[in-house]
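The structure under discussion appears below in the form of structure tokens.
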Amino acid sequence: MRQLPELLARMLPAPRKGGFRMEGYWIWCGSVIMGEDGKYHMFASRWPKSQPMHPGWLLESEIVRAVSDTPEGPYTFQEVVLGKRGPAYWDGRMTHNPRIVKSGDSYILYYTGTTHPFADVRPGETVAQDDPRVITARANKRVGIAVSKSVYGPWERKDAPLLAARPGKFDSFLTSNPSPCQMEDGSTHLIYKARAYKEPPYEGMLHGPMSLGAARFGGSLDCCLERWEKPLFSDARYEIEDPFVFRENGCFYMIAKDMRGNLCGEQYGGLWAWSEDGWNWSFAKGEKAYSRTVLFDDGRTETLGNADRPFLLFDADGEATHLFLAVSNGTNSFLDATDTWNLVIPLKGKDGRRNETDRKSDHSDRY
């Protein structure tokens, strides 16, 4: 097995007052980049707490931008980046799962969008999982991109998704959770989450369990060079989501959420996987990338309900300096959560010293 990059042993206490929260909103999916102004810009998902955390996000999530002078934060809300734009658009009803990268002189925002033909959620109305809008919105989830010359926008949204669903394939039901990795030749290797239609329904649902797919795009992203015909991991004993992919020393590495805990040893903890070519992947069984049990800078340790959507920030030397996680304060995943936020965990340098927060970070070529 490949020697895995160090991560868990490099984690420092998480700042209680760091990361990103918003009063009255569920916060999820943080992705951070240093902007042209030298500040750290987090692209995250939010939706109002007037709706349940789940499935409220499927109808009400929007992508926002927050800013901080340091990677740790706290991040301050600035604007809605991608909001609703009408049911006729593939992403017209909801946007989620942002991942921000810099490519040349442009910023590319990868995300998940969806639509449905029904009425908007009314004030005071609470949605449930069997709501036709929720069922339709889940089935219409697709991966797409928006492009801008500045982190401040304006953002050019595309009229078609980057990754459509494919009838008869493992991704026939939905595509979501994009994780791009920029290659030396200018192409982009994209890992994504997928589900397949199931007839008859699987455990009462129209779709099967989560799987991961891969596709390779040309430098302009207008051309899909190759799309893998099978899921990356086909063993039904395992179910993973929220991949974050990066390259180090010519090898692909992935950290992701272990839904069942039978890979990393902790349910909803972080697993490791690696690949020489980006298509054929191996699990590092028994190796934990991160844990839901977090040490904070006030000396207290807490086990959080979730530690999802992992994101690594790299400095200009290619060293990971901070791990970001979407977390909840519940004990049963997000089902009993009353608050969610984006948590940041600083990482010690590989030499054992603390990374300086004022070191210039530019992770655009790392993933």
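Observations
- Whichever residue in the stretch 116-145 is assigned to a loop (DSSP other than H, G, I, E, B) and among the polar types (S, T, N, Q) and, among such residues, is nearest to residue 172 (Cα to Cα): 140
- Taking the criterion of being open to solvent by 30 Å² or more (accessible area, probe 1.4 Å) and within 22 Å of residue 106 (Cα to Cα), the residues of the stretch 57-74 that qualify are 62, 69.
To keep it simple, each residue is scored yes or no on (1) open to solvent by 10 Å² or more (accessible area, probe 1.4 Å); (2) farther than 21 Å from residue 158 by Cβ; (3) touching a residue at least 60 places away in the same chain (Cβ under 8 Å).
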{"residue": "40", "(1), (2), (3)": "no, yes, yes"}
{"residue": "55", "(1), (2), (3)": "no, yes, yes"}
{"residue": "76", "(1), (2), (3)": "yes, yes, no"}
{"residue": "90", "(1), (2), (3)": "yes, no, yes"}
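- The set of residues from the stretch 114-151 being under 15 Å from residue 98 (Cα atoms) and either among the charged types (D, E, K, R) or open to solvent by 40 Å² or more (accessible area, probe 1.4 Å) (or both) comprises 141, 142.
- Of the residues making up the stretch 277-316, those that are surrounded by fewer than 18 Cβ atoms within 10 Å (Cβ to Cβ) and hydrophobic (A, V, I, L, M, F, W, C) are 279, 295, 296, 316.
- For the residues 46, 21, the requirement of being at pLDDT 95 or above, closer than 26 Å to residue 291 by Cβ and open to solvent by 40 Å² or more (accessible area, probe 1.4 Å) singles out 21.
- Hits in the stretch 249-276 (condition: in contact (Cβ under 8 Å) with a residue 40 or more places away in the chain, open to solvent by 30 Å² or more (accessible area, probe 1.4 Å) and over 30 Å from residue 16 (Cβ atoms)): 274
- Single residue of 216, 237 found to be surrounded by fewer than 20 Cβ atoms within 10 Å (Cβ to Cβ) and either part of a strand (DSSP E or B) or in contact (Cβ under 8 Å) with a residue 40 or more places away in the chain (or both): 216
- In the stretch 52-77, the residue that is farthest from residue 321 (Cα to Cα) out of those that are part of a strand (DSSP E or B) and among the polar types (S, T, N, Q) is 76.
- In the stretch 114-135, of all residues being of a type outside the set (D, E, K, R) and in contact with a Phe, Trp or Tyr (Cβ under 7 Å, 6 or more places away or on another chain), the one that is nearest to residue 39 (Cα to Cα) corresponds to 115.
- Cβ-Cβ under 8 Å pairs, at least 6 apart or on other chains, the stretch 198-210 side outside any strand (DSSP E or B), far side loosely packed, with under 14 Cβ neighbours inside 10 Å: 209/236
- Boolean, residue 52 is at negative phi, modelled with pLDDT of 95 or more and in contact with an Asp or Glu (Cβ under 8 Å, 6 or more places away or on another chain): no
- Of the residues making up the stretch 156-170, those that are assigned to a loop (DSSP other than H, G, I, E, B) and buried (at least 17 other Cβ atoms within 10 Å of the Cβ) are 161, 162, 165, 169, 170.
This table checks each residue for (1) touching a strand residue (DSSP E or B) at 6+ places or on another chain (Cβ under 9 Å); (2) modelled with pLDDT of 95 or more; (3) within 24 Å of residue 179 (Cα to Cα).
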site: 83; (1), (2), (3): yes, yes, yes
site: 89; (1), (2), (3): yes, yes, yes
site: 96; (1), (2), (3): yes, yes, yes
site: 104; (1), (2), (3): no, no, yes
site: 111; (1), (2), (3): yes, yes, yes
site: 118; (1), (2), (3): no, yes, no
site: 129; (1), (2), (3): no, no, no
site: 140; (1), (2), (3): yes, yes, yes
site: 143; (1), (2), (3): yes, yes, yes
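- Here residue 350 meets each of (1) open to solvent by 10 Å² or more (accessible area, probe 1.4 Å); (2) in contact with a helix residue (DSSP H, G or I) (Cβ under 8 Å, 6 or more places away or on another chain); (3) at pLDDT 90 or above with one exception, condition (3).
- Residue within the stretch 2-11 that is in a loop (DSSP other than H, G, I, E, B), of a type in the set (Asp, Glu) and modelled with pLDDT under 95 present: yes
The values are calculated or read from the model by the stated rules, or taken from the named source; none is laboratory data. Since this is a predicted model, take the numbers as computed values, not measurements. For neighbour counting, all protein chains shown are included, and Cβ atoms are generated from backbone atoms with ideal geometry for every residue, glycine included. These area figures cover heavy atoms from the full protein model, side chains too; ligands, DNA and RNA do not enter into them. Shrake-Rupley method; radii C 1.70, N 1.55, O 1.52, S 1.80 Å.
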